[in-house]
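S.K.: This is the structure, below, for whatever I ask next.
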Amino acid sequence: MESFSVIIKWNGKEYEISDLMETDKVSDLKDAIEKKTGVLPSRQKILGLKVKGKAADDDTTLGQLHMKPGSKILMMGSLEETIREVNMVPEDLPDIVNDFDIEEDEVLTENRQEFLTKVEKRIQEYKIKVLNQPRPGKKLLVLDIDYTIFDHRSTAQHAQELMRPYLHEFLASAYEHYDIAIWSATSMKWIEVKMKELGAATHADYKLAFYLDSSAMISVHTPKYGVVEVKPLGVIWGQFPDYSSKNTIMFDDLRRNFLMNPQNGLKIRPFKHAHVNRSEDQELLRLSQYLRAIAWEEDLGALDHKHWEKHLTRAQNLSGSSR
């Protein structure tokens, strides 16, 4: 019996786990991962390990999982020292994501020709992964994954434990008026894995339209922060004439991601520390109401999504007074 290796992707890096045998158990794999990454087996969440549709347990053999040599597997989990640091952070400190974020009025980038040229190149060369064709008359909702609908840093036994509350209800409601796209600053493989684990890829109440990954992003230079990667909606509009600035809205926890299209972006509150916050997080419920309230607007780009909560309150007040 020959040994084989697999690649574990964790925390943005890849680790080769070698000398595995089909008779080894998942627990043996976790022990080997700990030696490479330092993440305790009890903290590891290895995505995609299933036997006959059910999640594999620690006693499942690798042979039962039909692992292919060289397979890349996504793992979530935190080091003990990281967990201790998080628990020691005072709750009144501002929430910082990736060290900085950008106010859309700090830099003007959307009309600079050098960046528009990059967008045009993506339109010509990047292939969007289409799952379902655009539906005539529908607007477009573009969603980020990490910290927007999924806490990708916390540990759990199942991905659903890290899913933002009301995700499926939110998507089902949005689907009535919007086609739904997923755009994540990760590779296409991990987008597919995450959406499958979350149960969003084949849900009965809605259908996802297409996926875009990090390869569709472009780099722009800002005077204050230097070069940053952004998600230009023009890549979508250039390939799908049904969509434009008038009928598209993007949700992302990082404002800089929609720097090329600030009028179409809505900065969602980051969903972090899922086990602590999931009982109180109602962001998607409120945003579901907002999407319904603006579904009849002729130009979504003319709205001030930065103050979406005020807009929603006004819409609800008007609706209540008309009854």
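The values are calculated or read from the model by the stated rules, or taken from the named source; none is laboratory data. What you see is a predicted model; the values in this text were computed from it and never measured. FYI the Cβ positions are ideal-geometry reconstructions off the backbone, even for glycines, and counts take in every protein chain you see.
S.K.: What do you reckon, is Met188 surrounded by 19 or more Cβ atoms within 10 Å (Cβ to Cβ), modelled with pLDDT of 90 or more and touching a strand residue (DSSP E or B) at 6+ places or on another chain (Cβ under 9 Å)?
M.R.: Working: surrounded by 19 or more Cβ atoms within 10 Å (Cβ to Cβ): no; modelled with pLDDT of 90 or more: yes; touching a strand residue (DSSP E or B) at 6+ places or on another chain (Cβ under 9 Å): yes.
Criteria not met by Met188.
S.K.: If a residue must be small (Gly, Ala, Ser), at pLDDT 95 or above and crowded, with 21+ Cβ neighbours inside 10 Å, how many such residues does the stretch 159-183 contain? Steps first, answer last, please.
M.R.: Step one: of the stretch 159-183, the residues small (Gly, Ala, Ser) are 159, 172-174, 181.
After this cut, where a residue has to be at pLDDT 95 or above as well, the list is 172-174, 181.
When the remaining residues are screened for being crowded, with 21+ Cβ neighbours inside 10 Å, the result is 174, 181.
Summing the residues that are small (Gly, Ala, Ser), at pLDDT 95 or above and crowded, with 21+ Cβ neighbours inside 10 Å in the stretch 159-183 gives 2.
S.K.: Pull up the stretch 37-48, narrow it to residues that are part of a helix (DSSP H, G or I) and touching a helix residue (DSSP H, G or I) at 6+ places or on another chain (Cβ under 9 Å), then point me to the one that is surrounded by the most Cβ atoms within 10 Å (Cβ to Cβ).
M.R.: Arg43
S.K.: Continuing with the same structure: When you go through Tyr178, Tyr166 one by one, which is the residue that is aromatic (Phe, Trp, Tyr), on the phi > 0 side of the Ramachandran plot and out of contact with any Gly (no Cβ under 6 Å at 6 or more places or on another chain)? Give the derivation first.
M.R.: Numbers: Tyr178 fails: on the phi > 0 side of the Ramachandran plot.
After applying the criteria, what remains is Tyr166.
S.K.: Every residue in the stretch 139-154 that is β-branched (Val, Ile, Thr), within 19 Å of Glu280 (Cα to Cα) and either outside any loop (DSSP other than H, G, I, E, B) or touching a helix residue (DSSP H, G or I) at 6+ places or on another chain (Cβ under 8 Å) (or both), please. Break it down stepwise before answering.
M.R.: Here is the first cut: in the stretch 139-154, the ones β-branched (Val, Ile, Thr) are 142, 145, 148-149.
Next cut, within 19 Å of Glu280 (Cα to Cα) only: 148-149.
Selection gives Ile149 alone.
S.K.: Could I ask something else about it? Does the stretch 246-260 contain at least one residue that is under 19 Å from His177 (Cβ atoms) and either of a type in the set (Lys, Arg) or out of contact with any strand residue (DSSP E or B) (no Cβ under 7 Å at 6 or more places or on another chain) (or both)? So that I can check it myself, show each step before the final result.
M.R.: Residues of the stretch 246-260 that are under 19 Å from His177 (Cβ atoms), as a first pass: 246-251.
Imposing the further condition that a residue be either of a type in the set (Lys, Arg) or out of contact with any strand residue (DSSP E or B) (no Cβ under 7 Å at 6 or more places or on another chain) (or both) reduces the set to 246.
Yes: the stretch 246-260 contains one or more residues that are under 19 Å from His177 (Cβ atoms) and either of a type in the set (Lys, Arg) or out of contact with any strand residue (DSSP E or B) (no Cβ under 7 Å at 6 or more places or on another chain) (or both).
S.K.: Can you pull out the residues in the stretch 16-27 that are buried (at least 17 other Cβ atoms within 10 Å of the Cβ) and without any contact (Cβ under 8 Å) to a residue 40 or more places away in the chain? Outline the logic, then answer.
M.R.: Let us first name the residues in the stretch 16-27 that are buried (at least 17 other Cβ atoms within 10 Å of the Cβ), namely 17, 20, 24-26.
The answer is Ile17, Asp24, Lys25, Val26.
S.K.: Among the residues of the stretch 155-198, which ones are in a loop (DSSP other than H, G, I, E, B), farther than 17 Å from Asp253 by Cβ and of a type in the set (A, V, I, L, M)? Steps first, answer last, please.
M.R.: If we filter the stretch 155-198 for residues that are in a loop (DSSP other than H, G, I, E, B), which is where we start, we get 155-158, 164-166, 176-177, 184-187, 198.
From what is left, the residues that are farther than 17 Å from Asp253 by Cβ are 155-158, 176-177, 187.
Selection gives Ala156 alone.
S.K.: So is Leu285 surrounded by fewer than 15 Cβ atoms within 10 Å (Cβ to Cβ), touching a residue at least 24 places away in the same chain (Cβ under 8 Å) and among the hydrophobic types (A, V, I, L, M, F, W, C) or not? Explain how you work it out, then say what you get.
M.R.: Details: surrounded by fewer than 15 Cβ atoms within 10 Å (Cβ to Cβ): yes; touching a residue at least 24 places away in the same chain (Cβ under 8 Å): yes; among the hydrophobic types (A, V, I, L, M, F, W, C): yes.
In short, yes.
S.K.: Across the stretch 49-81, what is the total count of residues that are crowded, with 17+ Cβ neighbours inside 10 Å and at positive phi?
M.R.: Of the residues in that region, 1 qualify.
S.K.: Quick check: is even one residue across the stretch 75-89 modelled with pLDDT of 80 or more and either in contact with a Ser or Thr (Cβ under 6 Å, 6 or more places away or on another chain) or not basic (Lys, Arg) (or both)?
M.R.: Taking the stretch 75-89 and keeping what is modelled with pLDDT of 80 or more, we get 75-76.
In the following step, the residues that additionally are either in contact with a Ser or Thr (Cβ under 6 Å, 6 or more places away or on another chain) or not basic (Lys, Arg) (or both) were identified as 75-76.
Yes - at least one qualifying residue is present in the stretch 75-89.
Every residue, every condition in (1) in contact with an Asp or Glu (Cβ under 7 Å, 6 or more places away or on another chain); (2) under 18 Å from Trp190 (Cβ atoms); (3) modelled with pLDDT under 85; (4) assigned by TED's automatic domain parsing to the domain that holds Val193, yes or no:
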position	(1), (2), (3), (4)
Gly12	no, yes, yes, no
Tyr15	no, yes, no, no
Ser18	no, no, no, no
Lys25	yes, no, no, no
Asp28	no, no, no, no
Lys36	no, no, no, no
Pro41	yes, no, no, no
Ile46	no, yes, no, no
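S.K.: Considering each residue of the stretch 146-165, count those that are more than 15 Å from the chain's Cα centre (by Cα) and of a type in the set (Ser, Thr, Tyr), and give that number.
M.R.: Residues flagged as more than 15 Å from the chain's Cα centre (by Cα) and of a type in the set (Ser, Thr, Tyr) within the stretch 146-165 amount to 1.
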